[in-house]
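Working notes, beginning with the structure itself.
The values are calculated or read from the model by the stated rules, or taken from the named source; none is laboratory data. Keep in mind that what you see is a predicted model, and the values were worked out from it rather than measured. Heads up, the Cβs are rebuilt from the backbone with ideal geometry, glycines too, and the neighbour counts pull from every protein chain shown.
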Amino acid sequence: MTGPVSVTRNGHRTYLKWHRARRCAADPVFTGKRILEGMALGASVEVDLVVHRGGGFAVLHDHRSIARETTGQGAVADLTAGQLRALHLRGNNGQPLADHVMLLGDLCALLAKSPPHVDALLQLDYKEDETVLDAAALASFVASTAPVARHMIVSSGSAAAVKLLTDSVPGMRIGYDPCSEENITALQRSRDYSGFVRDALAASPDAEMIYLAWELVIELDKADFDIIAAFHAAGRRVDTWTIRTADETTRPIVERLLALGVDQITTDDPEGLAALIGGP
């Protein structure tokens, strides 16, 4: 079985990350079938996590209102595990799918039954902050992820949240996204690009992957600052997010990211992007 996993430029391998577990643009988000497929291929796959009522985690992006992604209504924090599992995901056209909403425990159970490729990596992108991570949430996270943690990396814009989630799970890898609105606004004012890198490294000193908005990388490149090289010099890998489409408007952006040596590109269309730029 083959699929859009990575491309190589000048001897450097760049993964094409399956954003919200999409292999191609037509895919709905967060389906177990695509997650297992990507992990079997050795791909980098991303899902989002939000906390539900009771302290566990739902595999969803929109924590304030689930109406866009599911057949339900309301905030994730107001819904129990049972209520969430009873809901169906929606396709890109808004129509209900046969697939149900998954909880983190459900996803980890699937992975335990279908061992991933040795190179596969599932990014758990936590979408809230550390303030909602109570003892129940942390215990649920540990119980769910511990058996399959070697195939996972936790990321968030909150370094404190990542530390809380990963401290009690041996083997869990760490990522950090410093591109909060606050940080980017401050950077635009200061133009202290090296300081931005230093602050990110200080905020999450154990992060092996730094997640950067592609717009920031390209903007700094035009200002003659290679932020990818700066993080590489500190021993970190870099992911750039998110290439939404694979077409002639995004080709030059992706080619420049590849020329800069980015380690991973987050995209809603890995299959289309691999075809566009000539993977593997």
Legend entry - Residue match in the range 180-203 (condition: within 14 Å of the chain's Cα centre (by Cα), within 30 Å of residue 245 (Cβ to Cβ) and not in a helix (DSSP H, G or I)): no
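The rows are residues; the columns are (1) more than 25 Å from residue 134 (Cβ to Cβ); (2) small (Gly, Ala, Ser); (3) in contact with a Pro (Cβ under 7 Å, 6 or more places away or on another chain).
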| position | (1), (2), (3) |
| --- | --- |
| 10 | yes, no, no |
| 28 | yes, no, no |
| 37 | yes, no, no |
| 48 | no, no, no |
| 81 | no, yes, no |
| 102 | no, no, no |
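Here's the yes/no breakdown for (1) outside any helix (DSSP H, G or I); (2) in contact with an Asp or Glu (Cβ under 6 Å, 6 or more places away or on another chain); (3) modelled with pLDDT of 95 or more; (4) within 29 Å of residue 235 (Cβ to Cβ):
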{"residue": "77", "(1), (2), (3), (4)": "no, no, yes, no"}
{"residue": "82", "(1), (2), (3), (4)": "no, no, yes, no"}
{"residue": "97", "(1), (2), (3), (4)": "yes, no, yes, no"}
{"residue": "112", "(1), (2), (3), (4)": "no, no, yes, no"}
{"residue": "116", "(1), (2), (3), (4)": "yes, no, yes, yes"}
{"residue": "128", "(1), (2), (3), (4)": "yes, no, yes, yes"}
{"residue": "144", "(1), (2), (3), (4)": "no, no, yes, no"}
{"residue": "148", "(1), (2), (3), (4)": "no, no, yes, yes"}
{"residue": "178", "(1), (2), (3), (4)": "yes, no, yes, yes"}
Legend entry - Number of the exception - residue 109 against (1) farther than 28 Å from residue 274 by Cβ; (2) in contact (Cβ under 8 Å) with a residue 24 or more places away in the chain: (2)
Inset, instruction - Being among the charged types (D, E, K, R) and either assigned to a loop (DSSP other than H, G, I, E, B) or under 17 Å from residue 13 (Cβ atoms) (or both) is the filter here, so list the residues in the range 228-255 that pass it. - result: 236, 237, 239, 244, 247, 248, 255
Inset, instruction - Please verify whether the range 8-17 includes one or more residues that are in contact with an Asp or Glu (Cβ under 9 Å, 6 or more places away or on another chain) and assigned to a loop (DSSP other than H, G, I, E, B). - result: no
